[in-house]
Each structure stands twice: as C-alpha cells, then as structure tokens.
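Reading through the structure tokens given below for one structure.
The values are calculated or read from the model by the stated rules, or taken from the named source; none is laboratory data. Nothing here was measured: the structure is a model prediction, and the numbers come from that model. Don't worry about glycine lacking a Cβ; one is built from the backbone with ideal geometry, like all the others, and counts go over all protein chains shown.
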Amino acid sequence: MTTQSSPLTLFYAWLLLLLFLAGFFGLIQEFLLWKRARKWRGAATGTVVEIRKNYRYRGLFVKRWYEYPVIAYKAGSRSFRQEYTRRKRELGYYEPGEHYPLIYNEDNPSEFAFGDTFSGFFYYAGQALMLAVTIISLYYSAHFFMNHYLDTHELLWEEQTWADLERPLAAYQGMEFSNLYNYTIDNLDTRLEEDVEHFRRVGGMVEAQKSGKHDETYQNRYRASAIAAADSLGGTFSGIVGTFFEECGLEGQREAVYQSAYAGFLERVCPDAAPAPGLYSLDELLILVNFIHDSGLNPYEYRDDPEESIGLSLAVSYARLDAELALSGGDETIRTAVSDCFPGYVSLYLDQIDLHVLENRKKYGKEHYTRLNREAIFSVYSYTAARYQGPDSFETALWEGSVFAREQMTARMQADPALRGLVRYGAENNPLAEFDAGMDKEAFLSSRERGTYQSPLYYLQDWRELMEDLED
C-alpha cells in the first residue's frame with residue numbers, strides 16, 4: 001500500500017549518493033595519478049623547509065589539528081618549493097631539515113610525490129577500503145531510493161501490493177469484542193475509506209493494463225484480493241458487532257454482521273463479486289463499533305453515582321446511538337436491533353460496575369458500598385427510553401426521565417435511610433442532587449446552563465451539541 005515516505009528516507013538516499021560520488025571521483029583521480037606516476041622517472045631528495053598547520057572538525061565542535069610539510073627539491077637545474085598536503089600527520093611528526101626521497105614527472109617537474117606514496121601494503125589497503133566504502137554507499141543509496149519508490153508506488157507484479165490490499169484496517173488485525181477497549185479507533189471510518197481508495201487506485205492500474213498480456217492475471221488477482229479483504233473485514237466486524245449483539249441476547253448476529261460487512265465492502269471495491277446486501281450497511285456497523293468501544297464494557301469501567309443516575313445515563317446512551325444511526329441514514333432494521341439488544345447491554349454494563357462495587361465493599365465496608373439495585377436502574381432506563389421511543393422529543397423524554405429518577409430516588413431514600421450512608425448517594429457523587437423535580441419544564445428545556453457532569457442539564461447541552469455535529 002502506498003504511504004507517505006519518511007523524509008529521512010530520501011535524506012539518507014541523497015546523502016549516501018553524494019558520499020558515493022565523492023568517493024568515486026576520488027578513486028578515479030587517485031587511479032589516474034597512480035597511472036601517471038608509474039611513468040615518472042625523475043628522482044630527487046626533498047627537504048622539509050617549513051611545517052604548516054591546519055585543522056578539521058571531529059564531531060561538531062572539536063577541532064583536530066594536523067600538520068603537513070613544505071618540501072624543497074631540485075629537478076635538474078631547477079629548484080622547487082611546494083606544499084605537500086597529501087601527507088598529513090599529527091602535530092610534531094615533521095622536523096625542519098628532514099630529508100625524504102621523491103619521484104617527479106620529468107615532463108612537469110612541479111608534479112611530485114614521496115617515493116613510497118604509490119607502493120606498500122597500507123597504500124593498497126587504503127584504496128581497497130575506499131573502494132569498499134564507495135560500493136557500500138552506492139548499495140545503500142539505491143536501497144533507500146527503492147524504499148522511497150515502493151512506499152509511494154504500486155507495482156502490480158509485486159506480491160506485497162496484493163498482500164497489502166488483502167488486509168483492510170491492517171492496524172486493527174486481531175480486534176474483537178473482548179479486547180476492543182485496548183485499541184484506539186479514532187477516525188475508523190476514514191481509515192476504512194483509505195482502504196477502499198487503495199483498492200480503487202490499484203483497480204485503476206489493473207484497468208490500464210487492459211489488452212496487455214497480463215490483463216486476465218491482474219483482473220483475477222484483483223478480484224481474489226477484494227474477496228479476501230472482504231472476508232477479513234467481515235470477520236473483524238462479526239467478532240465485534242456480531243458478538244456484541246449475541247452477548248446482549250440477539251441470536252444469529254455474527255453471521256448476519258459478517259455477510260453485511262462482506263457484501264458492503266465488495267460493493268465498494270469490486271461490485272461484480274458482491275453478493276446481495278446484508279442486513280446492515282458498513283456505515284451502520286462503523287457507528288456500532290465506535291459505540292461498543294466507548295460503551296464501558298471493559299475491566300476499568302467504574303462508577304460511584306446512584307442507581308437512578310446510572311439508569312438515566314444508560315437511557316441517554318441509547319438515545320444518542322439511535323439518533324446517530326437515524327441521522328446517518330440507518331434504516332429501521334439496525335435501529336430495531338439496537339433497541340432490542342440494549343437491555344442486554346445494560347445488564348453487561350452493570351456486571352462490570354458491580355465488580356468494582358464489591359471490591360470496594362471488601363475494602364471499605366458494606367455500610368458504604370452495597371450491590372447495585374438493578375431493578376431501580378432498569379426502572380429509570382426503561383421509563384426514559386420508552387418516552388424517547390414514543391412521540392416525545394429527546395429533550396422532553398430527558399425531562400420526564402429526570403423527574404421520574406429524582407422522585408424514585410427520593411422515595412427509596414425515605415423508605416431506606418441507610419442509603420444516605422452509601423458513598424454513591426453523597427452529594428459530590430450524585431448528579432441528580434442539583435436537579436429540582438419541581439422546576440418548570442419550559443425553564444428546563446430553554447436552559448443554556450451546563451450542569452455538573454452526568455446531570456440532566458449536562459445531558460441536555462451535550463445532546464444539542466451532538467445534534468449540531470451530526471447535522472453538519
């Protein structure tokens with residue numbers, strides 16, 4: 001699959017290419033000088049008449065000093081005095097007056113070298129090392145250029161092109177209902193659309209090969225990859241949404257979700273291979289995956305608020321999911337499935353909450369923590385959800401559900417004063433404590449105040465923001 005190549009890939013490619021070119025031209029110059037020097041017949045004795053110093057940087061800031069000699073010598077009747085930068089040494093190596101045997105070009109006596117320059121083990125070993133570095137630089141430069149090319153181009157003859165196609169949502173392989181909370185699934189719809197566009201891009205390349213000798217091969221491979229990808233995606237959605245539905249009491253949903261995702265994906269990338277549409281669309285399944293991910297069905301979910309508050313929040317969660325499905329074009333089939341499975345989800349959710357309640361009961365005592373009263377939770381959930389499913393708007397259903405929750409909570413606390421000693425009924429943990437059931441309904445519905453987290457006013461403002469986002 002084409003990706004955005006890392007800028008470092010091209011940087012390394014060009015850097016190594018420049019290193020190769022520098023080494024290559026250096027080797028060519030050295031070879032030409034060596035070849036000329038083999039014909040030099042002039043011999044002389046050179047004298048160090050001056051020592052000059054210079055430095056190069058080791059690392060970014062450390063200077064490393066070195067020295068090189070200025071050599072005086074005679075070639076016939078002519079005298080010469082020249083720097084010999086070829087033979088750099090550590091400071092203190094040369095002494096004025098030292099003598100060195102030289103060879104020089106008789107046709108151009110100013111061209112000279114120390115007599116041992118082009119001979120000996122270290123000379124040839126150095127040249128061999130330089131050649132090796134040059135070859136390695138070329139190899140890795142080509143390697144990085146090829147990686148950049150493969151990252152930004154599709155090659156139909158390359159097996160990896162088809163292997164990448166067959167793994168939609170590659171970053172989410174292994175994702176299922178039981179471990180979904182371990183994944184970050186932001187922009188899942190965008191990622192799936194990128195996979196669809198990837199198929200279409202390769203499909204366009206296959207189409208461009210029409211009438212070519214590999215046309216039928218590529219057409220068949222594209223179809224096979226589309227089917228394999230649809231099968232993989234169908235398995236992923238079935239393992240999440242289908243399992244969720246079945247865990248919540250709906251039967252036969254794993255296969256139904258698999259067929260829906262399988263058909264929906266093929267319809268987008270290879271319509272000729274697509275079977276009849278399933279019960280649910282891909283867009284509907286994506287909404288459900290996001291809901292399940294955020295649904296609190298994980299070992300870390302914890303709540304310390306009263307039963308009535310929990311029941312109201314679960315009714316709001318149902319309404320939000322239903323509204324999102326409705327406004328995204330979801331049909332009655334998926335909305336009915338969600339409505340039917342939601343009581344089962346409520347039970348699963350309360351199972352998670354109860355684990356922490358019982359753990360705290362062992363730590364802090366039963367006078368502060370007791371098992372949740374599920375009947376009280378379902379009472380508020382069912383009352384509010386029924387109002388929402390009826391002719392009432394969400395806002396009205398929220399108002400009526402909040403009044404019902406507050407009145408039920410008050411009645412239960414009066415009937416059982418021990419509830420006041422529970423942590424979850426403390427004012428700091430009770431979002432319903434600030435709600436006035438005697439408040440005028442119109443005043444509530446017109447309010448722009450955002451109450452405390454999970455209070456009725458909080459849900460009211462949160463709903464308005466959701467509607468604005470969905471309608472945009």
**Message:** Quick test for you: out of LEU372, LEU419, LEU321, LEU314, pick the one residue that is farther than 27 Å from SER446 by Cα and either within 42 Å of the chain's Cα centre (by Cα) or among the β-branched types (Val, Ile, Thr) (or both).
**Reply:** LEU372
**Test: residue in the range 370-380 that is within 18 Å of GLY249 (Cα to Cα) and either surrounded by 16 or more Cβ atoms within 10 Å (Cβ to Cβ) or not β-branched (Val, Ile, Thr) (or both)** = yes
**Prompt:** Among the residues of the range 443-469, how many are assigned to a helix (DSSP H, G or I) and either in contact with a Lys or Arg (Cβ under 8 Å, 6 or more places away or on another chain) or under 21 Å from LEU321 (Cβ atoms) (or both)?
**Reply:** 14
**Asked** With respect to the numbered conditions (1) farther than 26 Å from ASP340 by Cα; (2) hydrophobic (A, V, I, L, M, F, W, C); (3) free of Cβ contacts under 8 Å to residues at least 40 places away in the same chain, which one is the sole condition not fulfilled by ALA386?
**Response** (1)
**Request:** Assess whether ASP351 counts as being under 30 Å from ARG191 (Cα atoms), among the acidic types (Asp, Glu) and not in a loop (DSSP other than H, G, I, E, B).
**Result:** no
**Qualifying position, being modelled with pLDDT of 90 or more, out of contact with any Lys or Arg (no Cβ under 9 Å at 6 or more places or on another chain) and in a helix (DSSP H, G or I), among PHE291, PHE244** = PHE244
**Prompt:** Right, ILE292: more than 30 Å from the chain's Cα centre (by Cα) and under 30 Å from THR370 (Cβ atoms) or not?
**Reply:** no
**Request:** Among residues belonging to the range 244-258 that are touching a residue at least 24 places away in the same chain (Cβ under 8 Å) and surrounded by fewer than 19 Cβ atoms within 10 Å (Cβ to Cβ), point out the one that is nearest to SER295 (Cα to Cα).
**Result:** GLU247
**Message:** Going by what's in this entry, would GLN389 be described as assigned by TED's automatic domain parsing to the domain that holds ALA323 and modelled with pLDDT of 95 or more?
**Reply:** no
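Yes/no per residue for (1) more than 24 Å from ARG406 (Cβ to Cβ); (2) buried (at least 21 other Cβ atoms within 10 Å of the Cβ); (3) touching a residue at least 40 places away in the same chain (Cβ under 8 Å):
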{"residue": "PHE291", "(1), (2), (3)": "yes, no, no"}
{"residue": "LEU297", "(1), (2), (3)": "yes, no, yes"}
{"residue": "GLU301", "(1), (2), (3)": "yes, no, yes"}
{"residue": "ASP304", "(1), (2), (3)": "no, no, yes"}
{"residue": "ALA319", "(1), (2), (3)": "no, yes, yes"}
{"residue": "GLU332", "(1), (2), (3)": "yes, no, no"}
{"residue": "VAL338", "(1), (2), (3)": "yes, yes, yes"}
